[in-house]
Amino acid sequence: MVFGYKKRTRSVYDPNSKESFRLSRSKIDLFVQCPRCFYLDVRCGAGRPSSFPFTLNNAVDALMKKEFDIHRAAKTTHPLIKTYGINAVPYDDPRMEEWRDALRRGISFLHKSTNLVIRGGVDDVWVNPKGELIIVDYKATSKDEEITLDDEWKDAYKRQMEIYQWLFRQNGFKVTETGYFVYVNGKTDRKAFDGKLEFDVSIIPYKGNTDWIEKIIFDMKKCLDSEVPPSSNDKCEFCTYRKVTNQVLVDISKDQKKKKAEKPEKTLF
């Protein structure tokens, strides 16, 4: 639950500013989902209410990074990578912690044509014998059926992978088209909890396509420079909520005015 929500004054786009403006990977995904919500957030400082943090997922993510870092330091192949027949090792680079810092740093690139700095924080990077980087993303869930990337809402995961691939290429790295999702799936078929969770870990390959990113950047720039926000999006639950609640308030106001007009005035005689 969000308390004391107010309009943001920092990290708000000013169309008259000559300074470059930073946009995170998540803001690109927000624009893809709903240009109106993107405009209200980035141009006006009125972002969507934040959700509860996924602390258990964050714990799994942190432990996965520590585990792969052991092999990164030793320059050895993680057993899971061997199991899936992937010819790669965790990429050892002094900038790894910087690239992983999604909130403050990450990997970034200045798109000169729009003066927008695109950035994102990657979970992991592997490297093959050719020196090509492999983008890796960790995901945690708990479900009985087979883990796939077929769900429509996982299109956001795919875009996330593709933006990371694009960012590394823009920074001069050779990056393979195929990245990997390391999926950690909590088991629920145990007889008892016993103070511990057990997981199955799988690797799902995904062949990325970054052709859409360049156009999206120009579209975002055009959107932010406009003095008029985009139309509401019927597929966006936030736009629908705002539309419905606004109409409810208008109807209440009309009803109150009608009742007041119909109520006879009291006289002294």
Looking at this structure, is Ser253 touching a Lys or Arg at 6+ places or on another chain (Cβ under 8 Å), at pLDDT below 90 and more than 27 Å from Asp137 (Cβ to Cβ)? no
Selected residue (criterion: modelled with the lowest pLDDT) from residues of the stretch 1-38 that are charged (D, E, K, R) and surrounded by fewer than 16 Cβ atoms within 10 Å (Cβ to Cβ): Lys6
Which of the helices (runs of 4 or more DSSP H) contained wholly in the stretch 1-82 include at least 1 residues that are out of contact with any helix residue (DSSP H, G or I) (no Cβ under 9 Å at 6 or more places or on another chain) and charged (D, E, K, R)? 55-74
For the stretch 140-151, check the following and say yes or no: at least one residue is of a type outside the set (Lys, Arg), farther than 18 Å from Val184 by Cβ and either surrounded by fewer than 20 Cβ atoms within 10 Å (Cβ to Cβ) or touching a Gly at 6+ places or on another chain (Cβ under 6 Å) (or both). yes
Going by the conditions given, is Phe199 aromatic (Phe, Trp, Tyr), over 29 Å from Asp93 (Cβ atoms) and modelled with pLDDT under 95? no
From the option list Thr76, Thr114, single residue qualifying as more than 24 Å from Val12 (Cβ to Cβ) and of a type in the set (Ser, Thr, Tyr) is Thr76
Qualifying positions in the stretch 154-186 - without any contact (Cβ under 8 Å) to a residue 40 or more places away in the chain and farther than 18 Å from Lys27 by Cβ: Lys154, Gly172, Glu177
Within the stretch 238-247, the count of residues that are surrounded by 12 or more Cβ atoms within 10 Å (Cβ to Cβ) and within 23 Å of the chain's Cα centre (by Cα) comes to 4
Would you please name the residue that is farthest from Pro79 (Cα to Cα), looking only at residues in the stretch 195-233 that are of a type in the set (Asp, Glu) and loosely packed, with under 10 Cβ neighbours inside 10 Å? Glu227
Inside the stretch 186-240, can you point out the residues that are under 27 Å from Ile147 (Cβ atoms) and among the basic types (Lys, Arg)? Lys187, Arg190, Lys191, Lys196, Lys207, Lys235
How about the stretch 161-187: which of its residues are in a helix (DSSP H, G or I), polar (S, T, N, Q) and surrounded by fewer than 22 Cβ atoms within 10 Å (Cβ to Cβ)? Gln170
Using the structure shown, decide if Leu197 is in a loop (DSSP other than H, G, I, E, B) and touching a Gly at 6+ places or on another chain (Cβ under 8 Å). yes
Yes/no for Lys266 being at pLDDT below 85, surrounded by fewer than 10 Cβ atoms within 10 Å (Cβ to Cβ) and over 26 Å from Arg48 (Cα atoms): yes
Among the candidates Glu67, Glu132, residue that is of a type in the set (Asp, Glu), over 23 Å from the mean Cα position of the chain (by Cα) and either modelled with pLDDT of 95 or more or closer than 19 Å to Arg159 by Cβ (or both): Glu132
The number of residues in the stretch 90-139 that are β-branched (Val, Ile, Thr) and either loosely packed, with under 14 Cβ neighbours inside 10 Å or not in a strand (DSSP E or B) (or both) is 2
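The values are calculated or read from the model by the stated rules, or taken from the named source; none is laboratory data. Predicted, not measured: the structure shown is a model, and the values here were computed from it. Note: ideal-geometry Cβ built from the backbone for every residue, glycine included; neighbour counts use all protein chains shown.
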